[in-house]
Structure formats: C-alpha cells, structure tokens
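I have placed the structure first, in the form of structure tokens, so that the comments after it can refer back to it.
Each reported figure results from applying straightforward, stated rules to the coordinates on display, with no laboratory input. Quick caveat, the model's predicted, so the values are computed rather than measured. Glycine gets a Cβ as well: all are built from the backbone with ideal geometry, and neighbour counts include every protein chain shown.
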Amino acid sequence: MYDAQQALARLKEGNRRFVDGSVIHSFTGPERRRELEAGQAPFAIILGCADSRVPAEMVFDQGLGDLFVIRVAGNIVAPSQVGSVEFAAGRYGSRLVVVLGHSSCGAVMATVEELNSPDGSHSRNVRSIVGRILPTVADLLELNENLSPEETLARAIRANIRASVDHLRHGSEILETLIRTEGLMVVGAHYSLETGEVEFMEL
C-alpha cells in the first residue's frame, strides 16, 4: 500500500502524462477486471466535482481499481461524502484524500449568482448544494467587494476547495484519528479546464 506522499507523487506523475498526451491507461482489459473480482485496494481517494470534463481517473491517468472516486456537484462535503471517505480510508487503507475542484465550476458560479441576485429559481435539491458553498463565498465577497466577476469566481472556487478540505480534516472523528495516528493526508487540488493541469494547493 502507498503512503500519502507516494500516492501524491503517483497522481502528479499521472497528471503530467495526461497533460503531455503520454497516457498509459487508455484501456483496461479483461485481465485487470478479473484481478479486481476478489477485492480492491485504491491508493487514493478523490472527492471531485461531478462536472463531465473532470473525470479523475483520466485526469490522473489511472486505471481500473486505482482510485476511490466520489463525485458531487461543487465537490461539496455532506454526511454521505464524509462517510464515503471514512469507508474507503478504513476499509481499504487509502492514505491520501484529494478534494479536486476545477476552473469555471458551475456549482460555485450558481452560488455567486445567488448571492449577487437571488431569484429563488433553484430547486430544493440544488439549493442544498448551493447552501453548502454559500457561507464560504459570502465571506469571500464581504472581504473583497471590488473584485471583477472573473476574479471573484476564481477565488470562490479555491475557497470552496479549502472549505471542503477543512471539513474532512476536522469534521470526522474517524478521519481525525487516521490523520493523527495512521498518516492520512487530506489535500486540495485545482484542475484547469484550459490546460489539463492539476495544481495541488498549499493549505
């Protein structure tokens, strides 16, 4: 099993291959499927956005069974996401959790729009997503009133990534214990739709 730093290095190398077009996991055949019938051992857990342009396995050039991926609009953290991370870290021994946000995130954009001109057009279920992001974006806007719309969105996306990381680090006794005693690491990352590059954020 990979430790957190080894897993992080493997993700960085995979993203480098993705960016320069030298991917090695374009297809996983029957042999690998048979290997995984008996169980799995994902080396990292990815909590990413559900955006169709940000599939974690492709972005990090990994194959079947390599990553435990949880996807939800806005890479938000709600109880089901926390439970999924707890399950993978506890059951499979994965020691790296990455919160993967991305440029031009629609969920964050909807939250900024809701704050600037609330119109009540979102369904109750969509509001539950926006509501998770809203406090972080509201604090950002309060502190930075003169930002351009583009800069506001860019900063809000990164603030939302940091908020999700903080929630996972400090919102679960199980994960806190694994961080303290087993070397679990929770980090944030930002994917550029324009370049394909993943930037691992200093938090």
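Among the residues of the stretch 72-90, write down those that are touching a residue at least 12 places away in the same chain (Cβ under 8 Å), surrounded by fewer than 18 Cβ atoms within 10 Å (Cβ to Cβ) and farther than 15 Å from Gly131 by Cβ. If the condition is that a residue be touching a residue at least 12 places away in the same chain (Cβ under 8 Å), surrounded by fewer than 18 Cβ atoms within 10 Å (Cβ to Cβ) and farther than 15 Å from Gly131 by Cβ, then Ser84, Glu86, Gly90 are the ones that fit.
Condition check: under 26 Å from Val85 (Cα atoms), more than 18 Å from the chain's Cα centre (by Cα), in a helix (DSSP H, G or I) and in contact (Cβ under 8 Å) with a residue 24 or more places away in the chain. Does Ile157 satisfy that? Taking the combined requirement at face value, the residue does not satisfy it.
Looking only at residues of the stretch 96-111 that are of a type outside the set (Val, Ile, Thr) and in a helix (DSSP H, G or I), we find that the one that is surrounded by the most Cβ atoms within 10 Å (Cβ to Cβ) is Ala107. Please enumerate the residues belonging to the stretch 167-203 that are without any contact (Cβ under 8 Å) to a residue 12 or more places away in the chain and surrounded by fewer than 20 Cβ atoms within 10 Å (Cβ to Cβ). Passing the criteria: His170, Glu173, Glu176, Thr177, Arg180, Thr181, Glu199, Glu202. One residue stands out among those in the stretch 85-95 that are out of contact with any Leu (no Cβ under 8 Å at 6 or more places or on another chain), not aliphatic (A, V, I, L, M) and not in a loop (DSSP other than H, G, I, E, B): the one that is farthest from Ile45 (Cα to Cα), which is Arg91.
Restricting the stretch 126-146 to residues that are in a helix (DSSP H, G or I), among the charged types (D, E, K, R) and free of Cβ contacts under 8 Å to residues at least 40 places away in the same chain leaves a set whose member that is surrounded by the most Cβ atoms within 10 Å (Cβ to Cβ) is Arg127. When we screen Ala154, Ala163 for residues that are among the small types (Gly, Ala, Ser) and surrounded by fewer than 19 Cβ atoms within 10 Å (Cβ to Cβ), the only hit is Ala154.
Of all residues assigned to the stretch 56-71, at least one qualifies as being of a type in the set (A, V, I, L, M), part of a strand (DSSP E or B) and crowded, with 21+ Cβ neighbours inside 10 Å. Would you pick out the residues in the stretch 1-34 that are assigned to a loop (DSSP other than H, G, I, E, B) and out of contact with any strand residue (DSSP E or B) (no Cβ under 9 Å at 6 or more places or on another chain)? The answer is Met1, Gly21, Ser22, Val23, Ile24, His25, Ser26, Phe27, Thr28, Gly29.
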